[in-house]
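Below: one structure, written as structure tokens.
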Amino acid sequence: SYLVGDTAGNSMLDGVRAAREIPDAQAGSSVVLWGHSQGGQAALFAAQRAADYAPELTIDAVAVAAPAADLSALMDSHLDDVSGVTIGSYAFQAFAGVYADRGAELDTVLTPAALGILPEMNRLCLLSHLQELHEIAAPVVGGFVSVDPTKTEPWAGLLSENSAGGTAFDAPLFVAQGADDQLVLPGDTEEFVEHERGLGMTVDHRTVPLADHGTIAYLALP
């Protein structure tokens, strides 16, 4: 489920558990979590949830690149552009499915035009069909949402709930951010880093010159 933190975090920890069931993998209980963008959100939630969800594992370190950490900030930064329509088409659909019992009905946040493109958008992959996604999204830019989801319930609460940083974790955290990232903005990542430090966590934050959202995961590896 896109950008649903608990689901993503659990899936990462389940992946470790699965590896440990394969004898030839020789997988132990010490774990380093690494993720980019949505995967960064997943890694952060996995670290937050590990003590309760997978107490048999020890999280030694967490590394993220341009993480989708603060969903409220991410949505607010892109409400009126093509990235917001693309991300929103995935995220609102996912939230409506997971949180239907909490009143997450699509027609309370999206315009009729936005509702009309959701099926087509959700059939396509962001990595392999980006141009096609943007072509479908372009006519709806500026008319995607009917209300501000960062200020309207239940959406505001759901965005906050699925933002990382709700609790601290013991492992050191590495955060890489591309200076030229136009999707996860450097300022939003800096605010998340300060939030984590405010929880008493050890955070190593690096801004990589010339890196954008598509290249930061690779350029941060060294």
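None of the figures in this text is laboratory data; all of them are computed from the coordinates on show. Please read all numbers here as calculations on a predicted model, not as lab measurements. Cβ: placed from backbone, ideal geometry, glycine included. Neighbour counts: every protein chain shown.
Of the peptides 62-71, 6-15, the ranking by mean beta-carbon count within 10 Å, highest at the top, reads 62-71, 6-15. Full extension of the chain between SER30 and GLU161 yields a length gain of 44.4 nm, computed as 0.36 nm times the residue separation minus the alpha carbon distance. Across region 112-222, the mean sequence separation of Cα contacts (distance under 8 Å, 6 or more residues apart), normalised by length, yields a relative contact order of 24 percent.
Where the alpha-carbon atoms of region 139-182 are placed on the principal axes, they occupy 42, 30, 12 Å, in descending order. Normalised by the number of residues in region 1-123, the average gap of Cα pairs under 8 Å and 6 or more apart makes the relative contact order 24 percent.
Largest first, the extents of the alpha carbon coordinates of region 107-209 on the three principal axes equal 45, 33, 22 Å. Stretching SER11 away from SER128 to a fully extended chain increases their span by 39.8 nm, per 0.36 nm per residue minus the current alpha-carbon distance. Placing +1 on each Lys and Arg Cβ and -1 on each Asp and Glu Cβ, with no other charges, gives region 1-154 a dipole about its Cα centre of roughly 200 debye.
Normalising the average separation of contacting C-alpha pairs (under 8 angstrom, six or more residues apart) by the number of residues puts the relative contact order of the chain at 23 percent. Taking N as the residue count of the chain, its C-alpha radius of gyration divided by 2.2 N^0.38 Å amounts to 1.03. Calculated FRET efficiency, GLU191 to GLU105, Cβ-Cβ distance, R0 = 41 Å: about 0.85 to the nearest 0.05.
Considering only beta bridges that DSSP places wholly inside the chain, some 5 percent are antiparallel. Dividing the summed -39500 (n - 2.57) terms of all DSSP H runs of n ≥ 4 by the residue count of the chain sets its mean residue ellipticity at 222 nm at -13500 deg cm²/dmol.
Modelled this way, with points 7 Å down the Cα-to-C-beta line, the labels at ILE22 and LYS151 are 4.9 nm from one another.
Would you mind classifying region 1-60 by shape? Square roots of the alpha carbon gyration tensor eigenvalues, ordered a ≥ b ≥ c; an a/c under 1.5 is rounded, otherwise it is prolate if a/b is larger than b/c and oblate if not. Prolate shape, in that a/c is at least 1.5 and a/b is the bigger ratio. Using a Debye calculation, one point per C-alpha and no hydration shell, please list log10 I(q)/I(0) for region 153-214 at q = 0.13, 0.14, 0.22 Å⁻¹ in order. One equal scatterer on each Cα of region 153-214 leads to -0.41, -0.47, -0.95. In region 1-100, a dipole from Cβ-located charges (positive for Lys and Arg, negative for Asp and Glu) runs towards its positive end, and of ALA94, ALA65, TRP34 it is TRP34 whose Cα lies farthest in that direction. Computed from Cα positions, the angle between helix 82-98 and the longest principal axis of the chain comes to roughly 70 degrees.
Is region 10-122 rounded, prolate or oblate when judged by the Cα gyration tensor, a ≥ b ≥ c being the square roots of its eigenvalues, rounded requiring a/c under 1.5 and prolate requiring a/b larger than b/c? Judged from the Cα gyration tensor, region 10-122 comes out prolate (a/c at least 1.5, a/b above b/c). For the pair GLN182 and GLU56, the difference between a 0.36 nm per residue extended length and the Cα-Cα distance amounts to 41.5 nm.
For a modelled paramagnetic label at ASP212, 7 Å from Cα along Cα-to-Cβ, the residues of region 56-77 in reach, with backbone nitrogen under 18 Å, are 66-67.
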